[in-house]
Amino acid sequence: MQQLEIEIFPCRTDNFGVLLHCPETGETASIDAPEYGAILAAAERRGWRITHIFTTHHHGDHVEANLALKEHFGCEIYGPRNESVAIPGIDRAFGDGDRFDFSGHAVEVIETPGHTAGHICYHLPDSKLLFAADTLFALGCGRLFERPAADMWHSLQKLAVLPDETAVYFGHEYTLSNARFALTIDPDNARLQARAAEIEALRAEGKFTIPTMMGLEKETNPFMRPADPAIRRNLLMESRTNEEVFAEIRKRKDNF
Ligand SMILES: [Zn+2]
């Protein structure tokens, strides 16, 4: 079986457009639909016909182009069961643990409530790909709009069990700000220091930081590391639960 191909391009202000393409069948999925013109241009540039949209959550900057793309390509729209009423044009709804087939590749749905109540991530175990949208960012996590911190912490733990070599595609280029914040929480982490320097350099050249890797996130993303003794010492929270430490880190980022 041939490898899936991925095309990444900027949409709106700081969203990513992501197209997932199977060279054997020609099927192409747009991960979310942030901007019609940018997605159409990317598909035309590659000569790909969009057959699917994999929606992660209901926010406007992720579903805005659903209906226009469906009208243009006749594509099928998949999305989260727990917020399916808010997904324009949805054809099939999926919940935690559901699996479906995309061009012979298994896709596993992981529910990750937090940013929104019904947010889902799409995991392709054979290709080691995770489309995490606004749940897990490079060095960050999504803001808590619809669920408490405890739910998001639980969601991130579900992602953390995926293999370290999993490539993580996320919804926004927030990485530079996330890196600067991460250093305030975990200043003595040498791996994080090195990564922050790389990110400063990449962004200075206008380059994107997507994708990241699950193993790297577990080593450097403070939202994945509330159990870390140095972080706990730094926050004066050595005897608190992981959930409480996570909530404190999220609160500090909101005010960063
Ligand atoms: Zn969102």
- Mind checking which residues of segment 99-152 are crowded, with 24+ Cβ neighbours inside 10 Å, touching a Cys at 6+ places or on another chain (Cβ under 9 Å) and among the hydrophobic types (A, V, I, L, M, F, W, C)? LEU130, PHE131, ALA132, ALA133, LEU136, MET152
- Does GLY89 qualify as being more than 16 Å from the ligand (Cβ to nearest atom) and at pLDDT 95 or above? yes
- Task: Could you name every one of the helices (runs of 4 or more DSSP H) located completely within segment 154-256 that has at least 1 residues being closer than 30 Å to ASP126 by Cβ and touching a Ser or Thr at 6+ places or on another chain (Cβ under 7 Å)?
- Result: 175-185, 190-204, 214-220
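So, of the residues in segment 112-157 that are charged (D, E, K, R) and out of contact with any Asp or Glu (no Cβ under 8 Å at 6 or more places or on another chain), which turns out to be nearest to the ligand (Cβ to nearest atom)?
Applying the first criterion (charged (D, E, K, R)) to segment 112-157 yields 126, 128, 134, 143, 146-147, 151.
Now narrow it down to the ones that are out of contact with any Asp or Glu (no Cβ under 8 Å at 6 or more places or on another chain): 126, 134, 146-147, 151.
Details: ASP126: 28, ASP134: 4, GLU146: 10, ARG147: 13, ASP151: 15 Å.
By that ranking, first place goes to ASP134.
Has segment 134-150 got any residue that is farther than 25 Å from VAL63 by Cα, over 12 Å from the mean Cα position of the chain (by Cα) and not in a strand (DSSP E or B)?
The first filter runs over segment 134-150 and keeps only residues farther than 25 Å from VAL63 by Cα, leaving 150.
The next check asks that each one be over 12 Å from the mean Cα position of the chain (by Cα); those that pass are 150.
With not in a strand (DSSP E or B) added as a condition, the list becomes 150.
Yes, there is a match, as at least one residue in segment 134-150 is farther than 25 Å from VAL63 by Cα, over 12 Å from the mean Cα position of the chain (by Cα) and not in a strand (DSSP E or B).
The values are calculated or read from the model by the stated rules, or taken from the named source; none is laboratory data. Just so we're clear, the structure is a prediction, and the values are computed from it rather than from any experiment. Counting neighbours? That spans all protein chains shown, and the Cβs are built from the backbone with ideal geometry, glycine included.
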